[in-house]
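A.B. asks: Take a look at the following structure, please.
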Amino acid sequence: MPKPLILSLDGNEFSVSLIKIDREKLYGAIEIEAFDEKGNEASIKVLAPDGKMLIDRGGTSLGTVSEAGASVDRTELTPVDGDGEEIEPVPSSFGKPNVLSPAASEDYLAQIVKSVYLLQPFEDTKLDFLYDHLDANRIYQFPFSYRGGVDYDNAFLLGGKTDAFMIVGKQAALQYVKLNQAAVLDSVEEEEISADDIDFDLL
């Protein structure tokens, strides 16, 4: 059984399970099947760099190599920031309380959404206290990482009397311009070339 996500609001803790909401659940899905002229099911293959060999799906993979071309295991890699400083990995958000803090609607609307989850009570947990707070048009947030990694995503909670949703994303880097402000593009003026400048011996 998957671990519950523990949320803490005003000293009250709630254990919830996450149900991911994707496009297939909302709109359904279409599956396309392809067949050759003999009625045999067609499959996708990858053409090797030699232009002759066909490789079945799953027959290729990505690998990490050093500057010398030697294979490197992922466990040997260390994440660093733009200045070359080592980044301290963050743990998973599961298995520990996650304190909810109030969030502004502007912060929520400025997110690039990665995932949307429906929160369900874990086992016998009651979510009435959380539902009441969300029904009052409140938004809460906390740092979230599903499996742990280099950094946290932003998780926002919103909902109503009977449902709660968690929207996970990253802050968008928005750049604004004024109404009458024209965008400036770097341009290089092309030099005019006359017929005398053309060397016809090269044609």
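Coordinate-derived values only; no laboratory data. Please read these numbers as outputs of a predicted model, since none were measured by experiment. Here the Cβ is made from the backbone with ideal geometry for all residues, glycine too, and neighbour counts use every protein chain on show.
A.B. asks: Quick check on my filter: what residues within region 127-159 are of a type in the set (Phe, Trp, Tyr) and touching a strand residue (DSSP E or B) at 6+ places or on another chain (Cβ under 6 Å)?
C.D. replies: PHE129, TYR140, PHE142, PHE144, TYR152, PHE156 - these are the residues of region 127-159 that are of a type in the set (Phe, Trp, Tyr) and touching a strand residue (DSSP E or B) at 6+ places or on another chain (Cβ under 6 Å).
A.B. asks: Which condition breaks for GLU106 when tested against (1) closer than 24 Å to GLY11 by Cβ; (2) without any contact (Cβ under 8 Å) to a residue 24 or more places away in the chain; (3) not hydroxyl-bearing (Ser, Thr, Tyr); (4) not in a loop (DSSP other than H, G, I, E, B)?
C.D. replies: Of the numbered conditions (1) closer than 24 Å to GLY11 by Cβ; (2) without any contact (Cβ under 8 Å) to a residue 24 or more places away in the chain; (3) not hydroxyl-bearing (Ser, Thr, Tyr); (4) not in a loop (DSSP other than H, G, I, E, B), the odd one out for GLU106 is (1).
Here's the yes/no breakdown for (1) surrounded by 12 or more Cβ atoms within 10 Å (Cβ to Cβ); (2) in a strand (DSSP E or B):
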{"residue": "THR75", "(1), (2)": "no, no"}
{"residue": "ASN98", "(1), (2)": "yes, yes"}
{"residue": "LEU118", "(1), (2)": "yes, yes"}
{"residue": "ASP124", "(1), (2)": "no, no"}
{"residue": "TYR146", "(1), (2)": "yes, no"}
{"residue": "ASN154", "(1), (2)": "yes, yes"}
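A.B. asks: Can you name the residue in region 77-96 that is of a type outside the set (A, V, I, L, M) and touching a residue at least 24 places away in the same chain (Cβ under 8 Å) and is also surrounded by the most Cβ atoms within 10 Å (Cβ to Cβ) among such residues?
C.D. replies: Among them, the one singled out is SER93.
A.B. asks: On to the next question. Criterion first (closer than 25 Å to SER115 by Cβ and of a type in the set (Asp, Glu)) does ASP81 satisfy it?
C.D. replies: When the stated conditions are applied, ASP81 passes them.
A.B. asks: Still on this structure, please answer the following. With the requirement that a residue be surrounded by 11 or more Cβ atoms within 10 Å (Cβ to Cβ) and either touching a Ser or Thr at 6+ places or on another chain (Cβ under 8 Å) or part of a loop (DSSP other than H, G, I, E, B) (or both), what does region 54-63 give you?
C.D. replies: Result: GLY59, single match.
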